[in-house]
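The values are calculated or read from the model by the stated rules, or taken from the named source; none is laboratory data. From a predicted model like this one, the values you see are computed outputs, not experimental measurements. So basically every Cβ, Gly included, is an ideal-geometry build from the backbone, and we count neighbours across all protein chains shown.
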């Protein structure tokens, strides 16, 4: 009888410990899949990570569903790309969540401004609507540079260390291990991906990637950001591609359509759907994105 009582007491104690641990887990929300993968890689079992956008979804246009606001309601940390990328959908979700701890400038919010040493693609001169859908603060697709992915991991590790000091050493060690993996892979990625240069890109989503790996982008399918190309622009682009021996047109999965496929056909080039995120868990998911990019996408 005493044995059964002791066993029951042990079981109850175990359940209470596990419940307390689960209740104490941090809650992290990332706006985009790649950011969420890095966050999961750092946090591991000590946090629940939710991602608002899906792989293959245009990060500029995510439907602000009430379910997404519920994810944000109890979040300890919100990770976003920033620089206006989610401006059309993330602020309304934060407002709906009524969670003041994840608003900009709070301890529970971070984006590319907390990560980058240098912002690329910041427009010069007077900014008007005639320039298209530009981002006045700079190009927001910074996670497409693996070095910036490392910096994000390091920033997340420090932020989590403040929220959860007990596991600070673990967070920092995971970020450090991730940095070593990226450092080892960059030379191979660079060698593989440089075979696509020179190239044409649909949108300037790959600026950080092409600069990191020293690729030459001669032009864009969009004459201006967010502006559909005219027939005359496409005709001129075909001639320019042939003159420069361009073999590849890079496009995001959400820009893949009959018009750009026709451009590739006329220019005798291959259309390559180059992802800004792929399915996968933690650091492995983020690293696999660059493996797929180096392999030429789809």
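Here are a few things to note about the model shown:
- Scan of region 242-261 for residues that are in contact (Cβ under 8 Å) with a residue 24 or more places away in the chain and part of a helix (DSSP H, G or I), ordered by number: 242, 253, 254, 255, 259, 260
- Yes/no for residue 62 being in contact (Cβ under 8 Å) with a residue 24 or more places away in the chain and either outside the structural domain of residue 155 (by TED's automatic domain parsing) or within 17 Å of residue 207 (Cβ to Cβ) (or both): no
- Among the residues making up region 84-103, those that are assigned to a helix (DSSP H, G or I) and either in contact (Cβ under 8 Å) with a residue 60 or more places away in the chain or in contact with a helix residue (DSSP H, G or I) (Cβ under 7 Å, 6 or more places away or on another chain) (or both) are 93, 94, 96, 97, 102.
- Per the listing 49, 55, the residue uniquely closer than 23 Å to residue 177 by Cα and modelled with pLDDT of 95 or more is 49.
- Extreme residue, modelled with the lowest pLDDT, among residues of region 212-228 that are over 18 Å from residue 272 (Cβ atoms) and crowded, with 16+ Cβ neighbours inside 10 Å: 225
- Condition broken by residue 235, with the remaining ones in (1) at pLDDT 95 or above; (2) in a helix (DSSP H, G or I); (3) surrounded by 15 or more Cβ atoms within 10 Å (Cβ to Cβ) satisfied: (3)
- Among the residues listed as 120, 110, the single one being crowded, with 21+ Cβ neighbours inside 10 Å, at pLDDT 95 or above and either farther than 24 Å from residue 294 by Cβ or over 13 Å from the mean Cα position of the chain (by Cα) (or both): 110
- Test: residue 137 is surrounded by 13 or more Cβ atoms within 10 Å (Cβ to Cβ) and modelled with pLDDT under 95: yes
- Test: residue in region 165-183 that is closer than 22 Å to residue 274 by Cβ, out of contact with any strand residue (DSSP E or B) (no Cβ under 9 Å at 6 or more places or on another chain) and in the same structural domain as residue 106 (by TED's automatic domain parsing): yes
- Any chance residue 168 is part of a helix (DSSP H, G or I) and without any contact (Cβ under 8 Å) to a residue 60 or more places away in the chain: yes
- Of the candidates 88, 138, 149, the single residue that is over 30 Å from residue 223 (Cβ atoms) and either assigned by TED's automatic domain parsing to the domain that holds residue 213 or out of contact with any strand residue (DSSP E or B) (no Cβ under 7 Å at 6 or more places or on another chain) (or both) is 149.
- Scoring residue 296 on the criteria (1) in a loop (DSSP other than H, G, I, E, B); (2) without any contact (Cβ under 8 Å) to a residue 60 or more places away in the chain leaves a single failure, condition (2).
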